[in-house]
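Remarks on the structure that follows.
The values are calculated or read from the model by the stated rules, or taken from the named source; none is laboratory data. The structure displayed is predicted, hence computed values, not measured ones. With ideal geometry, Cβ positions are generated from the backbone for all residues, glycine too; neighbour counts draw on all protein chains shown. Each accessible area value is taken on the protein alone, full model and side chains, heavy atoms only, with ligands, DNA and RNA left out. Shrake-Rupley method; radii C 1.70, N 1.55, O 1.52, S 1.80 Å.
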Amino acid sequence: MTRQPRFSRRHLLGLAAAAGVAGGVAACTGPPRPGPAGPAAGAPFADPPERRARGDLLTGTLTAGTGVDLAGVAGAGLGYDGTSPGPTLRLRPGDEIALRLHNGLDTPTNLHTHGLRVPPDPGGDDPFRTVGPGGTADYRIRVPRDHPAGTFWYHPHHHGTVADQVFAGLVGAIVVEGGPDLGTAEDHVLVVTDTTLGDDGRVAAAGPMDRVAGREGELVLVNGLLRPVLAGAPQRSQRWRLVNATCSRVFDVSLDGQDLVHVATDGVFLPRPVARGRVRLAPGNRADVVVRPPDVPGDVDLLAAGVDRGGMGGMGGTGMGGTGGTTGTGPVVLATLRVTGAAAPTPPPPAVLSAPVVPPGPPDRTRVLTLTAPMGGGGMGFGIDGRGFDPARDDLVVAPGTVEEWVVENPGTMLHPLHLHTWPMTVLDAAGSDGAVRDVVTVPAGGRVVLRVAFTGATGRTVLHCHVLDHEDAGMMATVRVGGAGAP
Ligand code: C2O
Ligand code: CU
Ligand code: CU
């Protein structure tokens, strides 16, 4: 059955204009290269390069630059230090990141360590900072000694350029080492991005409707590769650190024909391993899973089934510069696990991984937050509580050390994954929640979530926002100030 469009194309373009979304900002610059080859699938899987802390310091420079290979196409996108994803930053609780960010792009950027429970200080994990084209900036980010061991990531956070830069490949993983021994023989980072390449072999610019819907790329990549092939031996288990670093896609990950053993969400271990047919990841979410290759050699596909984010009626579709819209399409093959050789059994993960999550509380304060969006979202533009982002305005002022309960309402017709920096969130209501601690919580279209946040461990001023990065760039972001002048 064909659904009737609730909005005409012209109406959507009007909404895009009203929402203040800019059209067609090219993500890359530089002279066009002659005759680029198309994307190539099936390359051998490779983890991103790594940077390790020495002593308790992870130092060096990190250059955001152009001309980086994507999907086997030379020079197609953006990356850090010449690769997309950039180097995985590996450190332990108590270590300090001391990186000099160099901006080799022609648009402003900065650096955000997504999910790390670190203060948003100036010179630290500060989303308000601007590093102009050609500029450099020093970052000092100390990871607390009691920080969870797990999978986090980094990406640019300069308001207005985030979606373009991430879509072009500017992302990287952060691994905080430690935690229970999972019995795995291998440990891999799988950073999932999506992008669309134009005929010129460069990342395509998003159109106005892609910016309203939240752009989804035609190519879904793992570590910058299209459908890479991962080697495995029968029964020799691997830990996969899955990062949804796409701009907008919500997807269910599954391993064709067998369960994934889910051990961590958003960098925090679950109380016990859970065998699941599929694990859902919204943009920004991570899942750590243990994969036990089957007893007999053969290929097994890792799949991502797109979840319909709603809201575009019959305008759905995936093409960049096409109709715009969100997908419930798929599944697409993310990677293939190629199992060869003799069985090499490893032990299963331990039955208990961490203490059960107790939501913080009782709350010192309750707030209602309303996600504002075009198309039934209570406004013509993207915002929170009816206001677009203003970095100079204090939106939520929180007393340090207190617990808040947030009722987040989404009156609109598209889902929005809500992300809060620095302080993790615990979802209270059962719908769609597995009781885990998260740093990105999906708020369904026409629905609400109730969550608790303990504002402990750090003070400072930072942001909460929709992690559909086009929505964030269009203003669905608010400031939160914990402590400081005028705090309660
Ligand atoms: Cu993943 Cu505010 O960011
Ligand atoms: Cu973040
Ligand atoms: Cu959104």
Residue 101 being touching a Leu at 6+ places or on another chain (Cβ under 8 Å) and under 30 Å from residue 41 (Cβ atoms): no
Residues that are within 16 Å of ligand 2 (Cβ to nearest atom), closer than 18 Å to residue 65 by Cα and crowded, with 24+ Cβ neighbours inside 10 Å: does region 120-138 have at least one?
no
Residues of region 150-188 being hydrophobic (A, V, I, L, M, F, W, C) and in contact with a Phe, Trp or Tyr (Cβ under 8 Å, 6 or more places away or on another chain), in sequence order, are 170, 171, 173, 174, 175, 176
Of 390, 473, 439, 394, the only residue that is within 14 Å of ligand 3 (Cβ to nearest atom) and on the phi < 0 side of the Ramachandran plot is 473
When region 448-467 is checked residue by residue, the ones that are assigned to a loop (DSSP other than H, G, I, E, B) and within 11 Å of ligand 1 (Cβ to nearest atom) are 467
Report task. Taking residue 243 as the residue in question, decide whether it is under 16 Å from residue 282 (Cα atoms) and not small (Gly, Ala, Ser). Result -> yes
Is at least one residue of region 202-209 buried (at least 24 other Cβ atoms within 10 Å of the Cβ) and not in a loop (DSSP other than H, G, I, E, B)? yes
Within region 83-116, residues of a type in the set (Gly, Ala, Ser) and either more than 16 Å from ligand 2 (Cβ to nearest atom) or open to solvent by less than 10 Å² (accessible area, probe 1.4 Å) (or both) come out as 84, 86, 94, 98, 104
Of 89, 58, 99, the only residue that is at pLDDT 95 or above and either within 16 Å of ligand 1 (Cβ to nearest atom) or not in a strand (DSSP E or B) (or both) is 89
Note: among 346, 326, 336, just one is at pLDDT below 95 and within 28 Å of residue 262 (Cβ to Cβ), namely 326
Scanning region 271-314 for residues that are of a type in the set (A, V, I, L, M), buried (at least 22 other Cβ atoms within 10 Å of the Cβ) and at pLDDT below 95 gives 312
Residue 444 fails exactly one of (1) over 18 Å from the mean Cα position of the chain (by Cα); (2) away from ligand 2 (no atom under 13 Å from the Cβ), namely (1)
Condition set within 13 Å of ligand 3 (Cβ to nearest atom) and in a loop (DSSP other than H, G, I, E, B), scope region 414-426, selection farthest from residue 150 (Cα to Cα): answer is 414
Flagged pairs (Cβ under 6 angstrom, 6 or more apart or on separate chains; first in region 458-470, under 19 Å from residue 155 (Cβ atoms); second among the charged types (D, E, K, R) and open to solvent by less than 10 Å² (accessible area, probe 1.4 Å)) are 465/472; 466/472; 470/215
